[in-house]
Amino acid sequence: MKKAIVIGATGGTGAVIVSELVKRGVPTVAFGRSRQKLEELASQLGNPAHLSFAIGDAFRTDDIAAAAKDADVLFHCANVPYNEMASKLIPLGESIMEAADRLSLKVVVIDGIYPYGRRQMERVTEDHPRQPHTKKGKVRLAFEQMIFSSRWSKARPMIVRLPDYYGPTANQASYLGGTLEAIAAGKMAFFIGNMKTPREYVYLPDAAMMIVELAGREQAYGQNWNIPGSDIISGREIVRIAQQASGTNKPVIALGKVGLSLLGIFVPVMKEVVEMLYLTEEPLRLSGEKYRRHIGAIPATKPEVGIAATIRDLQKMK
């Protein structure tokens, strides 16, 4: 990898991928809309000489192409709000792919597990049927099809799929991010979905190591790759670890269908979460066998270590 550009560099996955690239000494362009957020990110990383930033709109192909002209790998970490996914996700992806095709770039697309639909395997491999039954799952499947479309003759994409994730940069981009932020701040918190059933989460620094490793492998492109977490854990156990690390004990309220619908009156995006609650009742766990076979060992920070580290990092950032 000669030079990378990260689109959506200040978001949950973007920031941690920028950090991993910088650690490895890869010249990196952090691309985003907010100069202030980009400067804050650079400052948190110690303003390294091999990190630059570009301000632009990811929906504008020309903005991306201008910022990426010397890069060979583009990381697509930009996202759209839940309630705008149906109208904006694919246009955003098309803008990025058009720029990548124009410049003959390799593209690493960060995505989730929605296109798989309901779990049909004990450990879900990259070959799992794509049978989404939700609106968001169908949009995400159309997004995958667009990314791998034959209309892009010069860009070389891959898609990496993460389960729900946590880490100091996760913020509101993940179900768990807002919960841990509130606990770290000593405030009452909400937990989305069932707190009893163990589920899979990936610690973002682990995910970033795997994603950047894949990005440097020529043979990884043109494929889907699953990025599994180290373990499964229940919401109750997450809250116990987080509260112990934070030294606080404010209430944590689980939000099911009724709670999310009521909260959605005031915060419309919350209504959009309801259809995805099946994942908290029928958890889907990713297989990492393909990664192990072709790339190597999977970084596996245990939840008790990663959650406590996340709380400490969040408290330092306040």
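The residues on offer are Ile241, Ile233, and the sole one that is of a type outside the set (S, T, N, Q) and closer than 15 Å to Tyr165 by Cα is Ile233. Beta carbons closer than 9 Å, at least 6 apart along the sequence or on distinct chains, pair a first residue in region 283-295 that is touching a residue at least 24 places away in the same chain (Cβ under 8 Å) with a second that is among the basic types (Lys, Arg) and outside any loop (DSSP other than H, G, I, E, B) for Pro283/Arg199; Leu284/Arg199; Arg285/Arg199; Leu286/Arg161. When Arg156, Arg151 are screened for being at pLDDT 95 or above and loosely packed, with under 15 Cβ neighbours inside 10 Å, only Arg151 passes. In the set Ile64, Ile7, only one residue is at pLDDT 95 or above and farther than 23 Å from Asp206 by Cα; that residue is Ile64. In region 106-141, the residue that is surrounded by the most Cβ atoms within 10 Å (Cβ to Cβ) out of those that are without any contact (Cβ under 8 Å) to a residue 40 or more places away in the chain and either aliphatic (A, V, I, L, M) or within 18 Å of Asn79 (Cβ to Cβ) (or both) is Pro115. Return a yes/no flag: does region 74-81 have any residue that is in contact (Cβ under 8 Å) with a residue 40 or more places away in the chain, surrounded by fewer than 19 Cβ atoms within 10 Å (Cβ to Cβ) and under 18 Å from the mean Cα position of the chain (by Cα). Within region 74-81 (the criterion being in contact (Cβ under 8 Å) with a residue 40 or more places away in the chain, surrounded by fewer than 19 Cβ atoms within 10 Å (Cβ to Cβ) and under 18 Å from the mean Cα position of the chain (by Cα)), the answer is yes, since at least one residue qualifies. One residue is enough: does region 164-171 have a residue meeting the conditions at pLDDT below 95, out of contact with any strand residue (DSSP E or B) (no Cβ under 8 Å at 6 or more places or on another chain), surrounded by fewer than 20 Cβ atoms within 10 Å (Cβ to Cβ) and of a type outside the set (Asp, Glu)? Looking for residues that are at pLDDT below 95, out of contact with any strand residue (DSSP E or B) (no Cβ under 8 Å at 6 or more places or on another chain), surrounded by fewer than 20 Cβ atoms within 10 Å (Cβ to Cβ) and of a type outside the set (Asp, Glu), one finds at least one in region 164-171, hence yes. Which ones in region 142-166 are closer than 22 Å to Ala208 by Cβ, of a type in the set (Phe, Trp, Tyr) and without any contact (Cβ under 8 Å) to a residue 60 or more places away in the chain? Phe143, the sole residue that qualifies. Looking across region 292-309 at every residue that is in a helix (DSSP H, G or I) and in contact with a strand residue (DSSP E or B) (Cβ under 6 Å, 6 or more places away or on another chain), the one that is surrounded by the most Cβ atoms within 10 Å (Cβ to Cβ) is identified as Gly306.
In region 240-253, the count of residues that are polar (S, T, N, Q) and touching a Gly at 6+ places or on another chain (Cβ under 8 Å) is one or more.
In summary, helices (runs of 4 or more DSSP H) completely within region 1-79 and bearing 1 or more residues that are polar (S, T, N, Q), in contact with a Ser or Thr (Cβ under 7 Å, 6 or more places away or on another chain) and more than 23 Å from Leu214 (Cα to Cα) occur at 61-67. Taking the criterion of being crowded, with 17+ Cβ neighbours inside 10 Å and closer than 17 Å to Arg102 by Cα, the residues of region 30-68 that qualify are Ala58, Thr61, Asp63, Ile64, Ala65, Ala67, Ala68.
Does any residue of region 198-219 turn out to be hydrophobic (A, V, I, L, M, F, W, C), surrounded by fewer than 19 Cβ atoms within 10 Å (Cβ to Cβ) and more than 15 Å from the chain's Cα centre (by Cα)? No, region 198-219 contains no residue that is hydrophobic (A, V, I, L, M, F, W, C), surrounded by fewer than 19 Cβ atoms within 10 Å (Cβ to Cβ) and more than 15 Å from the chain's Cα centre (by Cα).
The values are calculated or read from the model by the stated rules, or taken from the named source; none is laboratory data. Because the structure is a prediction, the values reported are computed rather than measured. Note: ideal-geometry Cβ built from the backbone for every residue, glycine included; neighbour counts use all protein chains shown.
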